[in-house]
Every structure is written in C-alpha cells, then in structure tokens.
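Working notes, structure below.
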Amino acid sequence: MKSGYNDAIYLAKKKLEFLSPEAVCKLCGVKFDDGIYTVKWMSKEYKVPLVYDDPDPNTSKPHYSQALEIIFLHYLTSEGTKKPEGILMSYREIPGAAFYEPKFIQRAVDPIIKCFGKNPEKLIETGELFGGVKTTVGRSPAYSVKIDLLPYLPVSYILWAGDDEMEPAGITLFDKTAPGWLCAEDLVVAASLGAYELIGTYKKNNKS
C-alpha cells in the first residue's frame, strides 16, 4: 500500500471529524448513525466509519479499496456544492484537468470502448444494473447511460458503435457541478472505478 494513500486518508478523516454529521448528510445525500456514514456508490451502500484516534487508517479495515475510500472521504468533506443541474461537461473543461487528461482517457474512456464498442447496447443493460438511466446525448446514434457514482455525482458513459469503415468511439462526461465535489485527479479515479465495475459485471454475467 502506498504511504501517499495512507496520508490522504488520514488527513481527510481528520477533516471529516470536525464537520457536523447532520450538515454532511444534508449536503451530500448520505446517512449517519452510531459513528458511521453510509454512502451509496453505484446503487450499493458502503460504510465509512469515523476512526480517528489511531493515525493508521488501516485500523478500521474497510471492505473496499483505498482508492475508493479516498473518493468517499473527499466527497464527504467537500462541504457541499450544487446538486446536479443536467448540464454536461467534458473532462478537459474541469479546472486542473489538462495534466490528468491522458490518464483519464486511458482509464475511464478507452476501457469502455474496448469492452462495449462492438455491443454498445450492453453498456446500457449493464449500467441499468447499477441504477443507470439510458439517455440521449451527443450525435446520433449514440449509446449513453448516466450512472450516479455517488448521490450527487452522476457520470455519463457514451459510445458510438463501430462498423466496417470506422472504429467504435466513446466519451465520458460529467455534470457541470462535478468539480464542486471532487478535484480533477479524484474524478479520474472515480470515473475509472465506475468503468471497471461496469466492465467487471459485464464479463461476469457473460462468461462463455
């Protein structure tokens, strides 16, 4: 495990410690009970315990990756922003995104194209398993599914099917309010984790 992950988790937990649980729940659309936040990620609920008396964040040993834990903590400590407005933006429009854009394409766009490019309708079907909604976005004929990665952080995965003359293409878009919840680097992680979960579920359900 990288010490950088441990440091980020510890700092975020210390920040969360001083925020009002009532305010966090209201602003972030989560629940809090008996020292534990319940956060919904892609329609599944995860527990984020408040454990601060030990500087080692591994003490609580959550049943998810450190990368996802950081996303949860940064979301909870964003101290509120606007709810989704339904206006989409590309990753490159996000402040500070220029440095991370190649990584974003590599992790959050290309894997979706590779997995679903020849069967884009499967992207919609798989997304619906996570509460996703088929949407009409971009030039026709596009296959688009909007998924709430977190309560107020929807992401749209979009594909254009390939044919004999053209390779499949895709793009991953955010609601314009996304930068208020997570920074550019965190949005790479969040969108890629969502993509990997979609791909993993599709492959699990379509074993030959």
Can you confirm whether Phe104 is outside any helix (DSSP H, G or I), buried (at least 18 other Cβ atoms within 10 Å of the Cβ), modelled with pLDDT of 95 or more and in contact with a helix residue (DSSP H, G or I) (Cβ under 9 Å, 6 or more places away or on another chain)? no
Residues Leu173, Leu187, Leu193: which one is in a helix (DSSP H, G or I) and within 12 Å of Ile94 (Cβ to Cβ)? Leu187
Can you say whether Gly117 is touching a strand residue (DSSP E or B) at 6+ places or on another chain (Cβ under 8 Å) and closer than 27 Å to Tyr64 by Cβ, as far as the supplied structure shows? no
Which residues, taken from the stretch 126-159, are surrounded by fewer than 17 Cβ atoms within 10 Å (Cβ to Cβ) and without any contact (Cβ under 8 Å) to a residue 24 or more places away in the chain? Glu128, Val133, Lys134, Thr136, Arg139, Ser140, Pro141
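The values are calculated or read from the model by the stated rules, or taken from the named source; none is laboratory data. All of these numbers come straight from a predicted model, not from anything done at the bench. Positions of Cβ are generated from backbone atoms using ideal geometry, with glycine treated the same way; all protein chains shown enter the neighbour counts.
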